[in-house]
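Here's the structure we're looking at; comments come further down.
Values in this text are rule-based calculations from the coordinates and carry no lab data. From a predicted model like this one, the values you see are computed outputs, not experimental measurements. Here the Cβ positions follow ideal geometry from the backbone for every residue, glycine too, while neighbour counts run over all protein chains shown.
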Amino acid sequence: MPIDYANYPANWKTEIRPAIIKRAENRCEECGVKNKAIGYRRFDGSFREVADSTEWTGRKTIIRIVLTVSHTDHDITNNGEGNLRALCQRCHLSHDTEHHKASRLRGVRDRAERSGQMDLFGVVGGDGP
């Protein structure tokens, strides 16, 4: 999902994000992959950097690493240095997985309530019978 920078401080792009990337020495703080590296992910999830297209067979998807800044507690208003980590896309998505599941479930419940649907046997709530 694209970032809505209207929800972030005015100095997010100019001060906060660059400071976190610098602190991380331009690498993912989880897996260590370099920002802007070009290569592919192996089956085990590790990253293989390539110098040029002659190093790959065409069966792999070549990607460019882009570091993002993750809020450890998922609260975008908590921009303290201790709550922010530089993560590659893969590690950021992994960190956010449970948070995204919970948000999706809340959305399903909210839409069901607004439409007047009953939570029969916990189906909408996801708890099951």
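Annotation for LYS36 and GLU81: the two label points, set 7 Å from Cα along the Cα-Cβ direction, are 2.4 nm apart. Listed peptides 33-44, 61-72 appear in the order 61-72, 33-44 once ranked by packing, highest mean of other Cβ atoms within 10 Å at the front. Here the Karplus curve 6.51 cos²θ - 1.76 cosθ + 1.60, taken at θ = phi - 60°, turns the phi angles of region 4-19 into couplings of 9, 5, 5, 8, 10, x, 4, 9, 4, 6, 8, 10, 5, 4, x, 5 Hz, with x standing for Gly and Pro. The slack in the chain from THR72 to ASP44, taken as 0.36 nm per residue of separation less the alpha-carbon distance, amounts to 7.6 nm. Taking amide H as placed 1.01 Å from N in the peptide plane, the amide H of THR72 sits under 5 Å from that of LEU84, ARG85, each at least 5 places away or on another chain. Remark: spin-label model distance THR14-ARG114 equals 3.6 nm, labels positioned 7 Å along the Cα→Cβ axis.
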